[in-house]
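I have placed the structure first, in the form of structure tokens, so that the comments after it can refer back to it.
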Amino acid sequence: MLVVFIITLFISRQMNKQYSIHSISGESMIPTLMDGEKVLIKKCVPVKRYDMIAFSLAKEKGLFVKRVIGLPGDALIIQNNRLILNLGEPADFETVSEFQLTPTIAAEFQPLNQIPEDVYFVVGDHLAVSKDSRTFGFVQKKAIKGKVQAHFAKF
């Protein structure tokens, strides 16, 4: 019995080092994730475009889950509070995504011609209601807690 307890404790600690579970609150990731669902987050994994990541913000409580759209080094243009983000070959601007930014974030991004190193541009799948990089700016690499691996419907 003691051996089973020790093995269970060991496995639990190992899992906690590599994974965490987070509850989704809100509608910013609909239709992919629903309010009340849970997500399994794998810690310490490389981030790629279109991954869903969990991260924290300095002035906000809890974790956010959003989709990565812009990667470090992606070329960008700011025009009239609008971000034009190059998703294709460097500087060809044949494949782009466009996002309306708040005036404050547009002013912050204005001097840039590419996404700086160690930051990401993220958005929610439900753009109409999502609080994301359009309103709070880039997400720092060091603020990323991990990548969403799976989600579970609320019970």
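Could you pull out which residues in segment 95-134 have an amide N less than 11 Å from a spot 7 Å beyond the Cα of GLU60, following the Cα-Cβ vector? Correct set: 122-124, 130-134.
Net charge in the neighbourhood of VAL47 (other residues with Cβ under 9 Å of its Cβ; Lys, Arg +1, Asp, Glu -1) is +3. A DSSP coil position with no more than 11 other Cβ atoms inside 10 Å describes the following trypsin sites (Lys or Arg not before Pro) in segment 88-155: LYS154. Counting charges near PHE136 (Lys, Arg +1; Asp, Glu -1) among other residues having Cβ under 9 Å from its Cβ returns a value of +1. Exposure check, 1.4 Å probe, all protein chains in place: PHE138 carries approximately 30 Å² of accessible surface. Only DSSP H runs of four or more residues enter the estimate; each adds -39500 (n - 2.57), and after division by the residues of the chain the mean residue ellipticity at 222 nm equals -5000 deg cm²/dmol. Ligands, DNA and RNA left out, the accessible area of the chain computed with a 1.4 Å probe is 57% carbon and sulfur.
Please get the size of the charge dipole for the chain, origin at its Cα centre, with Cβ charges of +1 on Lys and Arg and -1 on Asp and Glu, quoted in debye to the nearest 20.
It comes to approximately 880 debye.
When the trypsin sites (Lys or Arg not before Pro) in segment 51-92 are filtered for DSSP coil states and for at most 12 other beta-carbon atoms within 10 Å of their beta-carbon, the remaining sites are LYS59, LYS61. Around VAL96, under 12 Å between beta carbons, what's the net of Lys plus Arg minus Asp minus Glu among the other residues? For residues surrounding VAL96, the net value is -4. Suppose each label sits 7 Å from its Cα in the direction of the beta carbon; what would the GLN149-SER97 distance come out to in nanometres? My value for the distance between the label points is 2.4 nm. Among the GluC sites (Glu not before Pro) found in segment 49-155, those both in a DSSP coil and sparsely packed, with 16 or fewer other Cβ atoms within 10 Å of their Cβ, are GLU60, GLU94, GLU117. The LEU112 and TYR19 beta-carbon pair, evaluated with R₀ = 41 Å, returns a calculated FRET efficiency of approximately 0.75.
The values are calculated or read from the model by the stated rules, or taken from the named source; none is laboratory data. Bear in mind the structure is a predicted one, so any value in this text is a computation, not a measurement. Virtual Cβ from ideal backbone geometry, glycine too; neighbours counted across all protein chains shown. SASA here: full protein model, heavy atoms, side chains in, ligands and nucleic acids out. Shrake-Rupley method; radii C 1.70, N 1.55, O 1.52, S 1.80 Å.
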